[in-house]
1. Take Tyr22 and decide whether it is under 14 Å from Asp132 (Cβ atoms), out of contact with any Phe, Trp or Tyr (no Cβ under 9 Å at 6 or more places or on another chain) and surrounded by fewer than 22 Cβ atoms within 10 Å (Cβ to Cβ).
2. State all residues of the stretch 14-70 that are hydrophobic (A, V, I, L, M, F, W, C), assigned to a loop (DSSP other than H, G, I, E, B) and over 15 Å from Val99 (Cβ atoms); if no residue qualifies, say none.
3. For Phe244, are the conditions met, namely being crowded, with 17+ Cβ neighbours inside 10 Å, closer than 30 Å to Phe319 by Cα and of a type outside the set (Gly, Ala, Ser)?
4. All but one of (1) buried (at least 18 other Cβ atoms within 10 Å of the Cβ); (2) charged (D, E, K, R); (3) modelled with pLDDT under 95 hold for Arg264; state the number of the condition that does not hold.
5. Out of curiosity, is Pro212 surrounded by 16 or more Cβ atoms within 10 Å (Cβ to Cβ), outside any helix (DSSP H, G or I) and at pLDDT 95 or above?
6. Restrict the check to the stretch 267-278 and report whether at least one residue is over 19 Å from Ile387 (Cβ atoms) and either in contact (Cβ under 8 Å) with a residue 40 or more places away in the chain or among the acidic types (Asp, Glu) (or both).
7. Of the conditions (1) closer than 19 Å to Arg66 by Cα; (2) modelled with pLDDT under 70; (3) hydrophobic (A, V, I, L, M, F, W, C), Ala143 fails just one. Which one is it?
8. Find all pairs meeting these conditions: Cβ atoms under 6 angstrom apart; at least six residues apart or on different chains; first residue within the stretch 298-311 and under 21 Å from Ser324 (Cβ atoms); second residue among the small types (Gly, Ala, Ser) and crowded, with 21+ Cβ neighbours inside 10 Å.
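The values are calculated or read from the model by the stated rules, or taken from the named source; none is laboratory data. For clarity, every value in this text was computed on a predicted model and none was experimentally measured. Positions of Cβ are generated from backbone atoms using ideal geometry, with glycine treated the same way; all protein chains shown enter the neighbour counts.
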Amino acid sequence: MNDKYIGNVKRYDLIYKYYKKYHSKRALGFCSSRMHAEEMAKEFCRRGVKSVAVYSNADGEFSEERNRAIEQLKNQEIKVIFSVDMFNEGVDIASLDMVMFLRPTESPTVFLQQLGRGLRISKGKEYVNVLDFIGNYEKAGRAPFLLNGSACVGERTAYDYSEIEYPDDCIVDFDMRLIDLFREMDKKSLSIQERIKQEYYRVKELLDGKVPTRMELFTNMDDNIYEYCMKHSKENPFKRYMDFLYEIHELSAEELQVYSGIGREFLQLIETTDMQKVYKMPILYSFYNEGDVRLAVTDDEVVENWKKFFDRGTNWKDFPKVTSYEEYRKITDKQHLSKAKSMPIKFLKASGKGFFIDKDGYALGIRDELADVIKVDAFKHQMKDIIEYRTMEYYRRRYVEN
C-alpha cells in the first residue's frame, strides 16, 4: 500500500495544490502508515508548510507527541498534522478548518469519525473543507443521514437530499456532482450482507487490524445491525462465523486447516445446537477444560463444571423450582449430575449428529476422530469463543425477554 503513496511526486504535487487552494490555517491529514505520515510531513515542510507526523511510539525525524502537536496546531506554530490512527475519535481540535483523506478505509463509520474531527464548532470558524484523495466518498453515501442523526440498517432507497433536515445552525453543502453520486449509490444500494461485512471491517479497525472473535464483534457491533442479524438467521454471521471469515478471506493458515476437516463440523454443531435452556454450556465447558480439550468427561468433571457455571453470578436462577441462592446451594452433587444426564447430556447425544457418544466409564464422550484437531490452538480458540458467545447471547436474550 505504501508504494502508492510514498515517493509519488505527482501525488505530492496534487495534494499540495489543493491544500494551498483552500487556504487552511489548521489541517489534519489521515495517513496509512508511519512512513506515509513522515513522508507527507517532510514534503510539506520542504514546500514551506510547517507540519508534523503523529503516530504511536513516534521516533521519526518529523514526528511529534500527540498533545504537543495539538498545542502547536492550535497556536499556529504548525499548519498540518499528518496522523496514523490517532485522531479517529475522542480528540477534539475544534478550530480545524481542513480534513484530508490520504488513506483508504473499509468502514463508513471510521470515515465519518475522521470527517467529524473537522465538524466541531469554534469561534470564528465558518466552515471546514474536506479533501478526499482516495475515493472514500464511495463510503460516504450514508454521510447525509448520519449527519442528521438517522440510522439506516436495512436496504436503502432513493432519497431527496435537498429535504434532509440537519441540526440547528448546521449547514451542509454538498457539491451537486456529489449529490448525483449519492443518488447513483442509492440505486446500487448495499445489501444487508454488505452492511454486515462493512460493520465487521469497522470493528476490525477498532481492534487495530486484529480479526475479531465472535465476542469482540458482538461487543463492538452497531446495535441495529446486531438485532437484524438475530432476526435473520440466513445472514447471521454468528451462526456460521468460520464460514463468514472464510468467505471474506480472513481465516489464518491454522484456522483454514481446522476449517477443511472434521473440526469445522464439530464447531458448527456447537455453534448452532438448539438452546432453549443454557444447560448444554457447562457440559461443553467440561470438554473445553480450560483449553486442554478432552475426548470424554467423567461424572465428577461434569459436576465440577456444572457447579462452577451455575455458581457464577445469578446463573443459578436457571433452575426453575429454585427461588433463592440458599435453596440452590442445598442441591446435592447427585441431583446436579442427574439433571445434567437427563437433560443436556441426553439431548447432545440425540441431536449431536453422532459427535457426542457413550463411552465406558464416562458421563459423555466425543468421537475419537477429533483426537488430533482438539490439540490445535485455532480449534481451542474457536471452541472457547463459541461457548462464551452462546452463553452471553442466551442471557442477553433472556434479559431482553424479561
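1. So Tyr22 fits the description; yes.
2. Residues satisfying the conditions are Val49, Ala58, Phe62.
3. So Phe244 does not fit the description; no.
4. (3)
5. Criteria met by Pro212.
6. Scanning the stretch 267-278 turns up no residue that is over 19 Å from Ile387 (Cβ atoms) and either in contact (Cβ under 8 Å) with a residue 40 or more places away in the chain or among the acidic types (Asp, Glu) (or both).
7. Condition (1) is where Ala143 drops out.
8. Here the result reads Trp306/Ala340, each pair linking the stretch 298-311 to a residue that is among the small types (Gly, Ala, Ser) and crowded, with 21+ Cβ neighbours inside 10 Å.
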